[in-house]
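Asker: What follows is a structure written as structure tokens; I'll ask about it next.
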Amino acid sequence: MSEINESEYRAIGPFIRRYDRGNRPYRMPDWSDPADFYRWQDKARDRLKRRLGPWPRRTALKPRLLSRSEQHGYIHELVDYIGAPGDRIPAHLLLPDVKEARPAIIAIHGHGYGADDVVGIREDGSRRQEPETYHRDFGLALCRLGFVVIAPEMAGFGRRRELSAIADSRSASSCQELFIWSLMMGSSPIAVRAWDIMRTVDYLTTRQEVIPDRIGIMGISGGGMVTLFSAALDQRLSAVCISGYLNTFRSSVLSIEHCICNYAHGLLADAEMADYAATIAPRSLCLESGIQDPIFPIDATRKTAAILATLYHKLGYGDHFSAEFFDDVHRISGQMAYPFLAHALGLQSGHASGSLLL
Ligand SMILES: [Zn+2]
């Protein structure tokens, strides 16, 4: 309230006024001793875990190989494994054509026709050579750099939709049904999807092609949301890139129309996006956003990035944080993110096709 004068106050609606009154008890506090920050971080993470719960039982993964093909420079597997009991997660697994184990990236798609869109597969199932959508085939790009890449299908998309959405079109989602069902079960789309990422980490650690303590995650838009909350909850994710999402709740999902899967009970009552992102520190974190992104306005993204840059610097890990603001709309860039992830996860240069890292 103190930052808003009377005329500005009258010019905003009642809900935003309520936002300005929120004290958000799990906000990152002012601190001078890093030990105080890390104590807060433990509490904030624990609170988030309880907020998003109850969580499913962790059962055996029972993985299956659904298909396997050789592509130029990599092996492409379609696999699935158990997320929550009774619910299988289909995922593309791209394995660079090399002998030794590699760092891995979990590549999370946003809205659209699902995981196919991050690995260069069109809606009709054909493979393309050049990116055609806002996902920019970033899973495939990371595999070509030398990462093992897994692109799990998020609940409500692609192969994981209700019959009504399947009958509609390839890109129709079941976010609405996922929201109401998860709400009635005490959960949320964010929690369902974050759980599936934790199970995806479980799965990756069973694969001999993966170095288990070098697993990162990158996601865009709704996939950026999943990336943020998964990384906040699961400290096995040691490098994180959030594309086209990190902002403030106030300026994005509370001010501009967004899919209902962006909301979960009580998140804002506890903290803002920057606070949730702060629970990732000092693990490597980068963000990228187009300055013309119409649904995650750049001014709020810059403010959140500044908070995080200051935090990482103060913790003595300034080089573990990076941000790229590029002149475009809502899409993947990768220009800073790909080399950042490669450096953070110790990806050795070179892979089967002989290309080098940047
Ligand atoms: Zn949605």
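Asker: Residue 287 versus (1) buried (at least 16 other Cβ atoms within 10 Å of the Cβ); (2) closer than 23 Å to residue 175 by Cα; (3) in contact with a Leu (Cβ under 8 Å, 6 or more places away or on another chain): which is the lone unmet condition?
Answerer: Among (1) buried (at least 16 other Cβ atoms within 10 Å of the Cβ); (2) closer than 23 Å to residue 175 by Cα; (3) in contact with a Leu (Cβ under 8 Å, 6 or more places away or on another chain), the lone unmet condition for residue 287 is (2).
Asker: Then there's this: Looking at 137, 196 in this structure, which one is in contact (Cβ under 8 Å) with a residue 24 or more places away in the chain and away from the ligand (no atom under 14 Å from the Cβ)?
Answerer: Numbers: 137 fails: in contact (Cβ under 8 Å) with a residue 24 or more places away in the chain.
Within the list 137, 196, the selection yields 196.
Asker: Go through segment 93-115 and count every residue that is free of Cβ contacts under 8 Å to residues at least 60 places away in the same chain, crowded, with 24+ Cβ neighbours inside 10 Å and of a type outside the set (A, V, I, L, M, F, W, C).
Answerer: Residues that pass the stated criteria total 1.
Asker: Test residue 146 against the stated conditions and say whether it is surrounded by 22 or more Cβ atoms within 10 Å (Cβ to Cβ), farther than 24 Å from residue 328 by Cα and not charged (D, E, K, R).
Answerer: yes
Asker: Determine whether residue 111 is over 17 Å from residue 192 (Cα atoms), of a type outside the set (Phe, Trp, Tyr), within 16 Å of the ligand (Cβ to nearest atom) and in contact with a helix residue (DSSP H, G or I) (Cβ under 8 Å, 6 or more places away or on another chain). Let's see the steps before the verdict.
Answerer: On the way: over 17 Å from residue 192 (Cα atoms): no; of a type outside the set (Phe, Trp, Tyr): yes; within 16 Å of the ligand (Cβ to nearest atom): yes; in contact with a helix residue (DSSP H, G or I) (Cβ under 8 Å, 6 or more places away or on another chain): yes.
No; evaluated as a whole, the condition is false for this residue.
Asker: Now for a separate question. Tell me which residues, restricted to segment 323-339, are under 17 Å from the mean Cα position of the chain (by Cα) and not in a helix (DSSP H, G or I). Full working, then the answer.
Answerer: Here is the first cut: in segment 323-339, the residues under 17 Å from the mean Cα position of the chain (by Cα) are 323-324, 330-334, 336-338.
Scanning segment 323-339 gives 323, 324, 330, 331, 332, 333, 334, 336.
Asker: Moving on. Return a yes/no flag: does segment 171-181 have any residue that is touching a Gly at 6+ places or on another chain (Cβ under 8 Å), within 16 Å of the ligand (Cβ to nearest atom) and at pLDDT below 95.
Answerer: As a first pass, look at segment 171-181 and keep what is touching a Gly at 6+ places or on another chain (Cβ under 8 Å): 171, 173-175, 177-178.
Imposing the further condition that a residue be within 16 Å of the ligand (Cβ to nearest atom) reduces the set to 171, 173-175, 177-178.
Narrowing further to those that are at pLDDT below 95: 171.
Yes, that holds for at least one residue.
Asker: For segment 182-193, how many residues meet the condition of being in contact (Cβ under 8 Å) with a residue 24 or more places away in the chain and away from the ligand (no atom under 12 Å from the Cβ)? Walk me through how you get there before you give the answer.
Answerer: Keep residues of segment 182-193 that are in contact (Cβ under 8 Å) with a residue 24 or more places away in the chain, which gives 183, 186-193.
Among the residues that remain, those that are also away from the ligand (no atom under 12 Å from the Cβ) are: 183, 186-187, 191.
So the answer is 4.
Asker: Search segment 255-291 for residues being hydrophobic (A, V, I, L, M, F, W, C), assigned to a loop (DSSP other than H, G, I, E, B) and within 16 Å of the ligand (Cβ to nearest atom), and hand back the single one that is nearest to residue 35 (Cα to Cα).
Answerer: Among those residues, the one meeting the criterion is 264.
Asker: Only one residue in 135, 109 is touching a Gly at 6+ places or on another chain (Cβ under 6 Å) and not β-branched (Val, Ile, Thr), so which one is that?
Answerer: Working: 135 fails: touching a Gly at 6+ places or on another chain (Cβ under 6 Å).
Going through 135, 109 in turn, just one is touching a Gly at 6+ places or on another chain (Cβ under 6 Å) and not β-branched (Val, Ile, Thr): 109.
This table checks each residue for (1) within 26 Å of residue 184 (Cα to Cα); (2) assigned to a strand (DSSP E or B).
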{"site": "48", "(1), (2)": "yes, no"}
{"site": "89", "(1), (2)": "yes, yes"}
{"site": "104", "(1), (2)": "no, yes"}
{"site": "107", "(1), (2)": "no, yes"}
{"site": "129", "(1), (2)": "no, no"}
{"site": "134", "(1), (2)": "no, no"}
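Asker: I've got another one for you. Is there a residue being within 21 Å of residue 331 (Cβ to Cβ) and among the hydrophobic types (A, V, I, L, M, F, W, C) anywhere in segment 193-205?
Answerer: No, because not a single residue in segment 193-205 is within 21 Å of residue 331 (Cβ to Cβ) and among the hydrophobic types (A, V, I, L, M, F, W, C).
Asker: Which condition does residue 157 not pass, out of (1) crowded, with 23+ Cβ neighbours inside 10 Å; (2) more than 16 Å from the ligand (Cβ to nearest atom), if it passes all the others?
Answerer: Of (1) crowded, with 23+ Cβ neighbours inside 10 Å; (2) more than 16 Å from the ligand (Cβ to nearest atom), only one is false for residue 157: (2).
The values are calculated or read from the model by the stated rules, or taken from the named source; none is laboratory data. Owing to the predicted nature of the structure, the values given are computational and were not obtained by experimental measurement. Counting neighbours? That spans all protein chains shown, and the Cβs are built from the backbone with ideal geometry, glycine included.
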